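Visitor: Provided herewith is a single structure, encoded as structure tokens, for subsequent inquiry.
Laboratory data are not the source of any read-out in this text; all were calculated from the coordinates shown. Note that this is a predicted model, so its numbers are computed, not measured. No Cβ is skipped: glycine too gets one built from the backbone with ideal geometry, and neighbour counts run over all protein chains shown.
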Amino acid sequence: MPTLLVLLMVSSVFTADPSAATEEFGIDEKAVSYSGFQVWSITVRSNGEHKLLRQIIEQYDVEVWKEQKTDKAAITELLVAPQVQRVLKVKLTEADISYGIKINDLHTVIENGNAKHNTSSLNTKTGHSMDWTKYHRLADIYGYLNYLASTYPSRVELINIGTSYEKRPLYVVRIFNRSSSVVKPAVWIDGGIHAREWISPALATYIIRQLVEVPANEALLCNVDWFIMPVMNPDGYEYSHAFNRLWRKTRSVTSWTSCRGVDPNRNFGYKWGGLGTSTNPCSDVYKGTRAFSEPETFATSNFIKGKASSIKLYLTLHSYGQAALIPWGYNVVYPSDYSDMLELAKSAVSKFTKYRYRVGNAAAIYYPAAGGSDDWAKSIGIKYSYTFELSDTGAYGFLLPASNILPVCQDFFPALDVFAAKVATMKV
Ligand code: 0X9
Ligand code: ZN
């Protein structure tokens, strides 16, 4: 069994203590504290070491944050609860596996990573509450989308494609030149599939702003239409702000009452239930009861299917690791046009000047994981389909401080020139 499959199937029931009560959601829910939790990074260079590490992880039920492979090594990043730190240290030392502590106290990093978590007040100068100096609540993001639709009707259409499990609207923004009636090839971008990856909706909204509000970018709308869904999993996103900063999944009720949510990126209908997925509702990679069991993946896939002939490029924004991942991700298998996909991705990431990105097959450079949105998009005929794992490379991981939002966004945006230029050449 591939290592990461085992690692990912380790149950992720949080062992952190619930501490502060919050009434925000009108339910008796307690916010999770990560006081004393650490992130450890472990590099193993042989199969023997890998096996030992896997045994230790399983024995102590440690949560894997990320695993990346290079030619010579596998780097595993672990979320380590205070109560297992001492024993883990002993076990790793006994096994002669070295480790480094990347984050010493998660609670401190969470507290310092973002300004106050509440909805911001309206900025009377701009007419909305969005900026890219902090991670915003959903109300700010949705407020901004509504503001754009009413302020720029000639190039913005706000499409409500359905509702989340907790009845929040699911929004797609179409950015286009309304005066032209020809059907153009289109780019799809989504963010926020995984709740805790806050840099993803931040970048998606930044891209929306650049395309709609910055006149210098108008050329990007000449030959291409844009469909951007900044928050595919709004329930999870809000939950990660209000109760558990490390929440990943949706918030649907499962057969196991104390464990909620499905991993949306294991719930898409291509090779659903394969490697790197779990049948355990408490797992962070729980695949759900069937493909598209979640209203969020169901509505999104239906919308994309309806536009499949015009959408030529599918881009899904995640974090972390700084990598452009290319299908297939369900296993180390390469589509017949992989070289085209690789070439375009390489040329896109060559635009980045601040951050270096790896490019490669998702299963090969990360791990096999079935039911991903990228694989599904590729399977319905969208030629160029990518998962972008944004910054960082592990110093903060999912907890990337808000001061990084603008640098990440500014670095990323020029890559869209490359994608748009390619899509513009494609026949609808
Ligand atoms: O595991 C995932 O869903 C993605 N990584 S993340 O850390 N953002 O959770 C990678 C998905 C790559 N694509 C597929 N395996 N299909
Ligand atoms: Zn993700």
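Visitor: Most fluctuating residue of P414, P368, P230 in a GNM of the chain with Cα springs under 10 Å: which is it?
Guide: P414
Visitor: I've got another one for you. Take T205, T353, T124 and order them by how many other Cβ atoms sit within 10 Å, fewest up front. Walk me through the numbers before you get to the answer.
Guide: Values: T205 27, T353 9, T124 6.
Fewest-to-most Cβ neighbours within 10 Å comes out as T124, T353, T205.
Visitor: Give me the distance in nm between label points sitting 7 Å out from Cα along the Cα-to-Cβ direction at E213 and T126, one decimal.
Guide: Roughly 0.4 nm, to one decimal.
Visitor: Quick one: go through the stretch 172-194 and flag any residue whose amide nitrogen is under 18 Å from the point 7 Å out along the Cα-to-Cβ line of S154.
Guide: 174-182
Visitor: Taking 0.36 nm per intervening residue step and subtracting the Cα-Cα distance, what contour gain separates T353 from K89 on full extension?
Guide: 91.2 nm
Visitor: Could you state the angle between the C-alpha long axis of helix 415-424 and the longest principal axis of the C-alpha atoms of the chain, as a value from 0 to 90 degrees rounded to the nearest 10?
Guide: Between the helix axis and the principal axis of the chain, the angle is about 50 degrees.
Visitor: So what is log10(I(q)/I(0)) for the chain at q = 0.06, 0.09 1/Å, when the Debye sum runs over its Cα atoms only?
Guide: Values, matching the q order: -0.23, -0.53.
Visitor: Further question on the same structure: Starting from the Cα of S403, step 7 Å toward the Cβ, then list every residue of the stretch 337-354 with an amide N under 19 Å from that point.
Guide: What the label zone holds, given the 19 Å backbone N cut-off, is 354.
Visitor: Which order do peptides 329-342, 390-403 fall in by mean Cβ count within 10 Å, highest first? Before the final figure, lay out the partial values.
Guide: Working: 329-342: 16.2, 390-403: 20.0.
Ranked by mean Cβ neighbours within 10 Å, highest first: 390-403, 329-342.
Visitor: In nm, to one decimal, how far is the L342 label point from the A308 one, both placed 7 Å along Cα→Cβ?
Guide: 2.7 nm
Visitor: Quick check on the stretch 38-113: take the gyration tensor over C-alpha atoms, sort the square-rooted eigenvalues as a ≥ b ≥ c, and tell me if it's rounded (a/c under 1.5), prolate or oblate.
Guide: Working: a/c = 2.19, a/b = 1.42, b/c = 1.54.
In terms of gyration-tensor shape, oblate.
Visitor: Tell me, what is the percent relative contact order of the stretch 79-195, built from C-alpha pairs under 8 Å that lie six or more residues apart? Don't skip to the end; give the middle numbers.
Guide: Values: 80 pairs, mean separation 14.3, N = 117.
Reported relative contact order: 12 percent.
Visitor: Let me ask something else about it. P(r) tail for the stretch 99-210, what percent of Cα pairs lie past 17 Å?
Guide: Numbers: 3948 of 6216 pairs.
I get 64 percent for the Cα pairs in the stretch 99-210 exceeding 17 Å.
Visitor: Can you give the relative contact order of the stretch 38-113 as a percent, counting alpha carbon pairs under 8 Å and 6+ residues apart?
Guide: Numbers: 101 pairs, mean separation 34.9, N = 76.
That works out to 46 percent.
Visitor: Under a 10 Å cutoff between Cα atoms, tell me which one of R168, R248, R178 has the largest fluctuation in the Gaussian network model of the chain.
Guide: R178
Visitor: Among A348, A149, A216, which one shows the highest mean-square fluctuation when the chain is modelled as a Gaussian network with alpha-carbon springs under 10 Å?
Guide: It is A216.
Visitor: While we're looking at this one, here's another question. With θ set to phi - 60° and the Karplus curve 6.51 cos²θ - 1.76 cosθ + 1.60, what are the ³J(HN,Hα) couplings of the stretch 340-351 in order, to the nearest whole Hz, using x for Gly and Pro?
Guide: 4, 5, 5, 4, 5, 4, 5, 5, 5, 6, 5, 6
Visitor: Over the chain, calculate the relative contact order: mean separation of alpha carbon pairs under 8 Å at least 6 apart, over the residue count, as a percent.
Guide: Rounded, it is 17 percent for the chain.
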